[in-house]
Amino acid sequence: MHTADPRAFAHGTVAPDRNPRQPATVPGRRGHRWTFALAVVALLGQMAVAMVTAAVQQTPTIDEPVYVGAAAVQLREHSLRYNAEHPPLGKLIIQTGLTFTGVRPDPGFVGDQQSLGRHVLYDQGEDAARVLFLARLPMIVLTLLFGLVVLAFAGDLTRSLDDRLSRWGGLLALALYAFSPDVIAHGSLATLDVPAAGFVLTAAWLLWRARERPRRYLPLAGLALGAALATKMSSLAVVPVLLSLAVLSVWTSTGASGHRAAGRRLGLGVAAAAEVGLVAVATVWAAYLAVDPRLRWTTPDSLPAVHGLRALVDWLPFPRPYRDGMRVQFQFEDATWGGFLFGRNYVGSRWYYLPAALLVKTPLGMLLLWAAGALAVLVRPRPRVAAPYLLVPPAVLLAAAATGSRDFGTRYVIFLPMFLAVAAAAVLAWRHRWIGAAAGVLVLLVAVSSLRAYPYYLPYSNEAFGGPAQTHRHLHDSNVDWGQDLGRLADRLRERYPGERIWLVYKGSGDPAYYGIESTDPRPVPPDQVHGLLVVSNSSVARADRRLAVLLDGSTPIDSVGHSITIFRRP
């Protein structure tokens, strides 16, 4: 292999080759290899403990019963009729855990997907906690595997700076990923946000590697892109970016110059993009056929017609259920939703909601390392070549999410802690003696902030906003209260308030009676007849209607459960 001209590499025109004259002293020593391996195991180990603990202690979040129910129907009946608004791959992953349970939906069950989820969890005679944990377990494993992608991607990035920095950069990025409260929180759930984001990250990393070995990595990148598309339809926004990166990777991998060579490079790049696209499309089809080889599907009569640019959905080269699922998503986007930000309710959505929510829910040290790393990728000569791979995909996905109609939480941008963890490794491009020590201190601060939140990662907020106990004052929904603490509430009521009258306003998908909570909804009852314990989910407090507001005004907060539910006393 030839050695690239460093001036050409600085301008991003050729792929970097490892300099054979450069000593590989640190990575090459056996002792350092063992130290590196132990550090990786320790970081992923603590992440696994955090996610497993959260998965064991938390009862169903709002979306999980829907996915678990749909996965059970896919597993037992090979049917796509539930949860069509999301492709089946994420639910196929959940199925790998459900195969170890005895859940079997009633073939005659009639009801919507929320009712199906409760039926699968609570009406099967199975232990709901065990079923839910087994559904969550494959997602936990997948989240840990994505950590290895972060490690490898950051290692590749910092290797281009100095071969001896490769493992330090990889560990820095992995530490940010492994201690990210958002990644831990959502990686421990049987939901689709983390797998979709992780597959996009994997596709970008494989395209980065395709700059040196396009024949090996381009088909794999197409597979990863297809997996993202087969998990969440929101991944469609990044398709043009990743196909363009395929062109760029092939262009970079062929160093010939001249007009004729440029035309050939461009042609090869377009062919590479077509290859990636075809593999991605085939992967989506494979996911649907894995559920039902006959692809039985009837378009629901309730789906509205689409017009304008949205009509292009019918031209997508995907199965009919996928295209109809897109129409369901359009319905969601056309609906008017409510939001809550920094103590204020509003109707509709705000473009700045997600950046503001990230400011609250990201550790302060992590924010600084993200900013420093992204700046290094943009302005430092050597890492600049990675900017299209590291910064453009998340920027496009962020723009798509920020212009959506649902201000429900940072889970919609869970790809940012992944991509920016890798970008943070580029801080090592700042050639200052103190940069390594400063980065180490910031990583330590991130670790401390994350560990202090254990095991309450879902309602995490950083110290500037008061920590997890104060998140409900700034944000709502899946940022803090997603129905996850019903089991903890049952334990608290049994231990501290036995025999008391319970009035419950619960925002979630769990069944309070299953956990032994005998309660009444106080909202239809005249306020002067509501006495005893008033238990309210914090998202309901944040967006209280007139009837609930009257009840809260005459109540005194006396306890909190999981930072997501408040217990009030009404005289």
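The values are calculated or read from the model by the stated rules, or taken from the named source; none is laboratory data. Please read all numbers here as calculations on a predicted model, not as lab measurements. Here the Cβ positions follow ideal geometry from the backbone for every residue, glycine too, while neighbour counts run over all protein chains shown. Note: accessible area is taken over every heavy atom of the protein model, side chains too, but ligands, DNA and RNA are not part of it. Shrake-Rupley method; radii C 1.70, N 1.55, O 1.52, S 1.80 Å.
Carbon and sulfur: what percent of the range 306-458's accessible surface (1.4 Å probe)? Reported share for carbon and sulfur atoms: 68 percent.
With r defined as the distance between the Cβ atoms of Arg494 and Trp351 and R0 fixed at 51 Å, what FRET efficiency is calculated, to the nearest 0.05?
Between Arg494 and Trp351 the formula returns 0.70.
If the segment from Ala469 to Thr299 were pulled out straight at 0.36 nm per residue, it would be longer than the present Cα-Cα gap by 56.7 nm.
Cα centroids of the range 496-571 and the range 49-127: 28 Å apart.
Quick check for you: with a 1.4 Å probe and neighbouring chains kept, what is the accessible area per residue of the range 327-440, in Å²?
Numbers: 4640 Å² over 114 residues.
The answer is 41 Å² per residue.
The residues neighbouring Ser302, those whose beta-carbon lies less than 11 Å from its own, together hold a net charge of -1 under the Lys/Arg +1, Asp/Glu -1 convention. Think of the chain as a dipole: +1 on every Lys or Arg Cβ, -1 on every Asp or Glu Cβ, centred on the Cα centre; then among Thr336, Gln113, Tyr389, Tyr389 lies furthest on the positive end. Over all pairs of distinct alpha carbons, what does the Kirkwood formula give as the hydrodynamic radius of the range 60-122, in Å? This gives a value of 11.3 Å.
Ratio of alpha-carbon Rg to the 2.2 N^0.38 Å globular estimate for the chain, to two decimals, please.
1.02
On alpha carbon coordinates alone, what is the Rg over Rh value for the range 452-538, Rh being the Kirkwood radius? Rounded to two decimals, Rg/Rh equals 1.01. Quick one: grab the alpha carbon gyration tensor of the range 243-302, order the square roots of its eigenvalues as a ≥ b ≥ c, and give me rounded if a/c is under 1.5, else prolate or oblate depending on whether a/b is larger than b/c. Prolate, since a/c reaches 1.5 and a/b exceeds b/c.
What's the local net charge at Thr61, with K and R +1, D and E -1, over the other residues with C-beta under 15 Å away? Within the 15 Å Cβ shell, the charges total -3. For the range 180-313, the spread of Cα coordinates along the three principal axes comes to 57, 40, 31 Å, biggest extent given first. Where the alpha-carbon atoms of the range 438-482 are placed on the principal axes, they occupy 34, 19, 13 Å, in descending order. What percentage of the solvent-accessible surface of the range 83-149, computed with a 1.4 Å probe over protein heavy atoms, is contributed by carbon and sulfur atoms? For the range 83-149, the apolar C and S fraction of the accessible surface comes to 60 percent.
Among Trp205, Trp434, Trp285, the order of accessible area from largest down is Trp434, Trp285, Trp205, computed with a 1.4 Å probe on protein heavy atoms.
Taking packing as the residue-averaged number of other Cβ atoms within 10 angstrom, the listed peptides 436-442, 531-537 run from highest to lowest as 531-537, 436-442.
Just the number please: accessible area per residue for the range 265-320, 1.4 Å probe, all protein chains included, in Å². Before the final figure, lay out each step's value.
On the way: 3310 Å² over 56 residues.
Per residue, the range 265-320 has an accessible area of 59 Å².
Helix content alone sets the calculated 222 nm mean residue ellipticity of the chain: runs of n ≥ 4 DSSP H residues at -39500 (n - 2.57) each, divided across all residues, give -17500 deg cm²/dmol. Note: relative contact order over the range 125-177, using C-alpha pairs below 8 Å and six or more positions apart, is 30 percent. Here the Debye sum runs over all C-alpha atoms of the range 367-440 as equal scatterers in vacuum, and log10 of I(q)/I(0) at q = 0.11, 0.12, 0.15, 0.16 Å⁻¹ comes out as -0.31, -0.37, -0.54, -0.59. Charge dipole of the chain (Cα centre as origin; +1 on each Lys and Arg Cβ, -1 on each Asp and Glu Cβ, all else neutral): 2260 debye, rounded to the nearest 20. For a quick check of understanding: with a 1.4 angstrom probe and all protein chains in place, what accessible area in square angstrom does Tyr515 have, to the nearest ten? Looks like 50 Å² after rounding.
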